[in-house]
Each structure stands twice: as C-alpha cells, then as structure tokens.
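Worksheet: one structure, shown below.
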Amino acid sequence: MTEQTWARGRIALVTGATSGFGEAMARRLVAGGAKVIATGRRVDRLQALADELRTPDLLTRELDVRSPDSIDALLPGLPAGFQAIDVLYNNAGLALGLGKAHEASLDDWTTMIDTNVTGLVRITRAVLPGMVERNCGDVINLSSVAASYPYPGGNVYGATKAFVRQFSLNLRADLLGTKVRVTSIEPGMADTEFSLVRFAGDRERADNVYKGVHAMSADDVALVCESVLRLPAHINVNTLELMPVQQAFSPFAVDRGG
Ligand code: NDP
Ligand code: 8X3
C-alpha cells in the first residue's frame, strides 16, 4: 500500500475535526485516499479545511455531539457516496477546569459527561448497526491516560475517559463474531487546543502546560491511529496508551499531616 492508497475505499466519520487530533486524522485519512466526513461545531474551521484540501473526498458537516437532534440528523443527511461509514473516529471531547471535586463547577462536569460520554455513545449507537450489517468497520475511541491514572483535578474528566475505555472493551465483547474492530486510544500530553479549552481560553496557563516538554503533536497521535487502522484485518488493538518520553508516573501522594 502506498501512502496515497492505504485508506482508499474507506468512508470515515471524524468527530471534532475542527482542531487537534480530529483535524490531523481527517487530513491523514484524506491523504490516504478515504472519503471523510469532517464534523464539529465551528463551521468556519470546517470550511477552512475544505478550502485548503479542495477535494470531493472531504465532506463537512456541522455537528454538536451534545445535541441528540444534531446527531439524529447527521446520517440521514449524508449523500449516497458517504453513507456506508466504516471508520468512526470518536474524538470530540474536552476537559473543563482542574479544580478539586468539592470546588469544581457542576456545569463543567455535566458538559464533559454530555460530550465525552453521552455524545460518544449516541454517535456510536447511530453508526454501529451499519458496520455490523456490512460486517466491516473500525471504531477508534479517544480515551486518555487519565482513564487509568488519577490526578488531582482530573475528577470527572478522568472518569469520562475511563468510561470510554471500558465502553470500547465492552463493544468488542458484543462484536465478537463480526469483523468490526474497536480501539481505545489513550494518549498523554499532546499539544493541541485541549489546555486552552480546559483553562477557558487562558493562553498563558495553557502554554505553561507544554513549556519545556517535547509533547506529542496532534499528528503524532493521528500517526498512531493510522498505524492501528493499517494493521491486518485479523488484529484488534484493544487499548493503546502513549505518552511523550518527557512524561511519566509519580509515586502515590501521602498526607503526612497526622
Ligand atoms: P482540541 O480542543 O484541539 O479538539 C477538540 C475537538 O473536539 C474540537 O474539534 C472540538 O470542535 C470538538 N468538540 C468539543 N465539544 C464538541 C461538541 N459538543 N460537539 C462536537 N465537537 C466537539 O483537543 P484534542 O484534539 O487534544 O482532543 C481530542 C480528544 O482527545 C478529546 O476527546 C480529548 O479529551 C482527548 N485527549 C486529548 C489529549 C491531549 O493532551 N490533548 C490527551 C488524551 C486525550 P468544536 O469546538 O468545533 O465543536
Ligand atoms: C488529556 C491528558 O493528562 O491532561 O486527556 O488528562 S491529561
């Protein structure tokens, strides 16, 4: 397979394609020959991507994964050549705040749950029957290292990503006997708009997260996802955790205050 053809014949739905991992993956899929439905709320970003790539293989659609109506309207509104989705890149998501649980905003918590959990589940439920019917497909779910490693202020964000990980594994349990693959991708620190969103647009605070660190880029993560998709059809990567070399684990915190 050449670089231009690895994804030829595939139809991919990418959520959160206006930035970060989703945009990088949409670019890789188009470059690999797939037809791509790039979605997100910021339609100006989607238009900019379409204007830049200028290919009939890229279709853009406004999609808010927190809105059931938005999700319900998506699939029936697709043109014939884009309906048989066989790659679902379930990536739209966010962290909001880094406050302690007893001080955090309940609105932020529900927004994260609505987006990272309920939105992902709704999209999956909409797309999966077609994959099973056609007996082919890849679901790539964006979880996080935060699914497995708790950290202060990670409270609901980490819990949503633990859901994504476990949901992915449970999907595989249900899909045994089909050729539909499911992978939970679990990245650590990657320099995208993630921290800018987490810190409500505070650019300095967001930049400080990545200061002095060779963090992963959005395209690094997309490269790993492309590698998963390119594996022979009989291999399912259940979970895949990745970090920059300059990130690792800490000992347990201990309160020695008596
Ligand atoms: P970005 O903030 O750069 O991108 C997030 C994307 O999600 C945007 O395209 C945004 O689009 C979309 N999105 C957010 N809310 C909604 C919504 N309600 N409906 C539709 N789309 C939405 O962050 P990343 O690329 O870094 O994050 C992508 C995923 O990877 C997230 O799930 C994140 O939790 C996860 N992740 C990120 C890591 C990191 O360090 N960067 C590490 C591990 C996991 P728009 O606003 O236009 O709707
Ligand atoms: C994003 C990575 O460590 O900021 O999921 O939670 S982390």
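Figures for the structure shown
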quantity: Single residue of region 168-199 satisfying the filter (of a type in the set (A, V, I, L, M, F, W, C) and free of Cβ contacts under 8 Å to residues at least 40 places away in the same chain) that is farthest from ligand 2 (Cβ to nearest atom); calculated: Leu176
quantity: Cβ pairs under 7 Å, 6+ apart, first in region 113-137 and at positive phi, second part of a helix (DSSP H, G or I) and among the aliphatic types (A, V, I, L, M); calculated: Gly137/Met131
quantity: Positions within region 1-60 being away from ligand 1 (no atom under 15 Å from the Cβ) and of a type in the set (S, T, N, Q), in sequence order; calculated: Thr2, Gln4, Thr5, Thr55
quantity: Of all residues making up region 149-182, the number that are in contact with a strand residue (DSSP E or B) (Cβ under 7 Å, 6 or more places away or on another chain) and under 17 Å from Met243 (Cβ atoms); calculated: 1
quantity: Candidate set from region 192-209 (those that are crowded, with 18+ Cβ neighbours inside 10 Å and within 18 Å of Gln246 (Cβ to Cβ)); member that is farthest from ligand 1 (Cβ to nearest atom); calculated: Ala206
quantity: Contacts under 8 angstrom Cβ, first residue in region 46-60 being part of a helix (DSSP H, G or I), partner more than 14 Å from ligand 1 (Cβ to nearest atom), 6 or more apart; calculated: Leu49/Leu58; Ala50/Leu58; Leu53/Val30
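Read-outs throughout are calculated quantities, based only on the coordinates presented, and are distinct from any laboratory measurement. On a predicted model such as this, the values are computed, not experimentally measured, just so you know. Positions of Cβ are generated from backbone atoms using ideal geometry, with glycine treated the same way; all protein chains shown enter the neighbour counts.
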